Amino acid sequence: MAPDFAPDDMPFHRLGGEARVRELAARFYAHMDDDEPALARLHELDAQGRVSAGVRERFAAFLVEWLGGPMIYSPVHGHPRLRMRHARVRVDTAMRDAWLRCMASAMDDLGVSGEVRTFLDGRFAEVADFLRNAPDTP
Ligand code: HEM
């Protein structure tokens, strides 16, 4: 990740370790289910109409690894290949921004602030923009 994060001081550690990162993922999907129905509907849903447990688990494991924690995603699921994994999903500007709103609200819930917040806001915005694969509908 950023060159100024030491191996034992990655965003993963600054956020408070695996339990906190999993909480961040859980809050992220809570906001998606409650506030962004169009975005939620792009995902596999369970019988209650909420984003499925499988998607939640894969994203949480990815976040733990991507933020500098233990490698718990790629040995199980392979290389993240985020653009490929999102190819079947229509990601336009509106969905990018909805995704970023859910993540910002989740970080607010956990009180993520300061240097790590600035860094994460920037990284999430970059990756979400990189995943755009569809023109905006007028
Ligand atoms: C930009 C707007 C985004 C949209 C609309 C979106 C949508 C989705 C959807 C629909 C899935 C479920 C895929 C499936 O069920 O096959 C998914 C999975 C996933 N997304 Fe996103 N996503 C977005 C941004 C991001 C970003 C910024 C990241 C990473 C920082 C990310 C990481 C993931 C991961 C790791 C998975 C699970 C992949 C797997 O199946 O192992 N997504 N996303």
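Just so it is clear, none of the values below were taken in a lab; they were calculated from the coordinates. The shown structure was predicted, so the numbers you read here are calculated from the model rather than taken from an experiment. Backbone-built Cβ (ideal geometry, glycine too); neighbour counts: all protein chains shown.
About its Cα centre, the chain has a charge dipole of approximately 520 debye under the convention of +1 per Lys or Arg Cβ and -1 per Asp or Glu Cβ, with nothing else charged. Note on the range 11-130: dipole from Cβ charges, positive end direction compared against Leu120, Leu100, Val76; the farthest Cα belongs to Val76. Please label the shape of the range 1-99 as rounded, prolate or oblate, based on the square roots a ≥ b ≥ c of the eigenvalues of the alpha-carbon gyration tensor (a/c under 1.5 means rounded; beyond that, a/b larger than b/c means prolate, else oblate). Prolate.
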